[in-house]
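Read through the structure below, which is laid out as structure tokens, and then see the notes.
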Amino acid sequence: MLLHDLQARVRIALTTTLINEWGLFTPATGTSHPSARSIAFHVGWHLRPMIDESWDVDCDYERSGAALEPTMAFGPGAQRAPDLIVHRRGRLGPEDNLLLVALTADFASHSTEAPDFAAVRAVQLRFGYRYAVWVDLQLRDDGPEGRVRPHWQWSTLEGGPVRPEPESVYTTEELQSITQSIRLLYLG
């Protein structure tokens, strides 16, 4: 699969998650924020039908069957594994590892669990994922409906980062259209 095809599919899955699962992202639904793993589950759920059936889409997969391998965690001493992977279970190497996704709800919080792109890239290289993406949803508590301004940064196994800095997933107009769809569905 080519990078632009995979980017389009991840983008569609993210958009579908934002619209269909908006309750995850709104501060009015409770006092706690969704975990990256919870959001990744929904993105994976919507991504699955768009990926060839020969691939497995998992939010949690321990190849060794033991505790989290230190080489799979993001950063030194980190206990955070990738949030979503597209691979072929039980196999290793770039031909069987398509995509690694690290998702963070808000980098502005400077969470110690938030990976940096270098850590994502290191895991990509260690396990031979053809593509890796670091998604920052940039969730904010801006009123009862909340705010989201997703950015992402992609990497290919051979070429490294596609762009030197994260870029917006959506144009301003696209994000306004998504927000309008959400308002119509949830706020009347």
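The values are calculated or read from the model by the stated rules, or taken from the named source; none is laboratory data. Since the model is a prediction, treat every value here as computed from it, not as a measurement. FYI the Cβ positions are ideal-geometry reconstructions off the backbone, even for glycines, and counts take in every protein chain you see. The area values use the complete protein model at the heavy-atom level, side chains included, leaving out ligands, DNA and RNA. Shrake-Rupley method; radii C 1.70, N 1.55, O 1.52, S 1.80 Å.
Some observations on this one:
- From the options 153, 124, residue that is farther than 28 Å from residue 20 by Cα, polar (S, T, N, Q), modelled with pLDDT of 90 or more and not in a loop (DSSP other than H, G, I, E, B): 124
- Extreme residue, modelled with the lowest pLDDT, among residues of region 42-60 that are open to solvent by 70 Å² or more (accessible area, probe 1.4 Å) and either assigned to a loop (DSSP other than H, G, I, E, B) or farther than 20 Å from residue 7 by Cβ (or both): 60
- Test: residue 95 is assigned to a loop (DSSP other than H, G, I, E, B) and at pLDDT 90 or above: yes
- Residue match in region 63-77 (condition: modelled with pLDDT of 90 or more and out of contact with any Lys or Arg (no Cβ under 9 Å at 6 or more places or on another chain)): no
- Selection status of residue 144, modelled with pLDDT under 90 and open to solvent by less than 20 Å² (accessible area, probe 1.4 Å): no
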